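The values are calculated or read from the model by the stated rules, or taken from the named source; none is laboratory data. The model shown is predicted, which means the values in this text are computed figures rather than measured ones. Counting neighbours? That spans all protein chains shown, and the Cβs are built from the backbone with ideal geometry, glycine included. The area values use the complete protein model at the heavy-atom level, side chains included, leaving out ligands, DNA and RNA. Shrake-Rupley method; radii C 1.70, N 1.55, O 1.52, S 1.80 Å.
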Amino acid sequence: MVSAAASGGQWNIRRCRGHHLRAMMACIYSVPAPAEDAAGDRRLWHHGEGNYRPCFSSKETWEQLRSHHPRLNWTRVVWFQQGVPRFSFITWLAFLDRLATGARSKAWGCIQPCILCGEPDETRDHLFFACPYSFTVWIDLTGFLLGSRVSPDWTLTVTSLLSSRRKEIDTCLLKLAFQATIHSIWRERNNRRHQGDPLSPSQVVRYIDKTIRNRISSLRHRKPAFYGEMMQRWLSRPTPS
Ligand SMILES: [Zn+2]
């Protein structure tokens, strides 16, 4: 291998034949060897263009290592402070259209109709929420918040959730309900595929309703007034008698 030593102000590097090692050697030669009367070396961390500091920052390091892309507007529906990580993850996959729906398995010659309603073409947009089963769940949970804007169309629903004209509490409840519904519909769909006992839309609604109440309760200690009002708003949802 290569050994290096500074002697009399010169670098000595032996047995250097490879292209990369030669390039490295040229780089090392371009740096003056340490002088005996110079101050001691210091370790500095690269924080950005021409910015070196003595402290390490994992954030700055990650920012330099990762690929940067333009921020997508729908990420606000996926990642938000009150979100539940396992729901956010499934929602993120849904936005990327990476869930293993029938539309994706068709490319492998495997036909998978919607197991919730029998529709032959099981796509992401069908499951969320063009499917009569999932739209029943969605409208039951969010009809009181969305009013006439409640829609079975994926794009219209996302556009509506991104609207800035809604109160913060309503936006937060809608995003929670959206993610919990995607997670529950996907779980129910997979459960039926594995011969599990099917749940009715009203059973799924009850499960999501309880999940959202639990989530708001777990956040209450952070901002009692805000989350107290959010709970009141959610409890005002009309429920079948
Ligand atoms: Zn369906």
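Taking every residue in segment 122-134 that is near the ligand (Cβ under 7 Å from one of its atoms) and pairing it with any residue that is open to solvent by 10 Å² or more (accessible area, probe 1.4 Å) and among the acidic types (Asp, Glu), at least 6 positions away or on another chain, the pairs with Cβ-Cβ distances below 6 Å are HIS126/GLU119. Number of residues in segment 38-77 that are touching a residue at least 12 places away in the same chain (Cβ under 8 Å) and part of a strand (DSSP E or B) equals 4. Among all residues of segment 180-195, there is none that is of a type in the set (A, V, I, L, M, F, W, C), free of Cβ contacts under 8 Å to residues at least 40 places away in the same chain, closer than 25 Å to GLN81 by Cβ and crowded, with 18+ Cβ neighbours inside 10 Å. Is it the case that ILE111 is touching a helix residue (DSSP H, G or I) at 6+ places or on another chain (Cβ under 9 Å), in a helix (DSSP H, G or I) and among the aliphatic types (A, V, I, L, M)? Criteria not met by ILE111. Of the residues making up segment 124-134, those that are open to solvent by less than 50 Å² (accessible area, probe 1.4 Å) and either farther than 21 Å from HIS194 by Cβ or assigned to a helix (DSSP H, G or I) (or both) are ARG124, HIS126, LEU127, PHE128, PHE129, TYR133, SER134. For the condition open to solvent by 20 Å² or more (accessible area, probe 1.4 Å), of a type in the set (A, V, I, L, M, F, W, C) and within 18 Å of TRP234 (Cβ to Cβ), ILE139 qualifies. Within the option set ARG86, ARG98, ARG104, ARG149, being assigned by TED's automatic domain parsing to the domain that holds SER218 and within 16 Å of the ligand (Cβ to nearest atom) holds for one residue only, ARG104.
Within segment 160-169, the set of residues being open to solvent by less than 80 Å² (accessible area, probe 1.4 Å) and out of contact with any helix residue (DSSP H, G or I) (no Cβ under 7 Å at 6 or more places or on another chain) comprises SER163, ARG166. Any residue at all in segment 66-82 that's open to solvent by less than 40 Å² (accessible area, probe 1.4 Å), under 19 Å from the mean Cα position of the chain (by Cα), more than 14 Å from the ligand (Cβ to nearest atom) and farther than 30 Å from PRO240 by Cα? Checked segment 66-82: at least one residue is open to solvent by less than 40 Å² (accessible area, probe 1.4 Å), under 19 Å from the mean Cα position of the chain (by Cα), more than 14 Å from the ligand (Cβ to nearest atom) and farther than 30 Å from PRO240 by Cα.
Filtered by the rule that a residue be touching a His at 6+ places or on another chain (Cβ under 9 Å) and either modelled with pLDDT under 85 or farther than 16 Å from ASN190 by Cα (or both), segment 103-118 gives a lone residue, ALA103.
Taking residues in segment 98-109 that are over 11 Å from ASP121 (Cα atoms) and touching a residue at least 24 places away in the same chain (Cβ under 8 Å), and partners anywhere that are assigned to a helix (DSSP H, G or I) and charged (D, E, K, R), the pairs with Cβ atoms closer than 9 Å and at least 6 places apart or on different chains are LEU99/ARG124.
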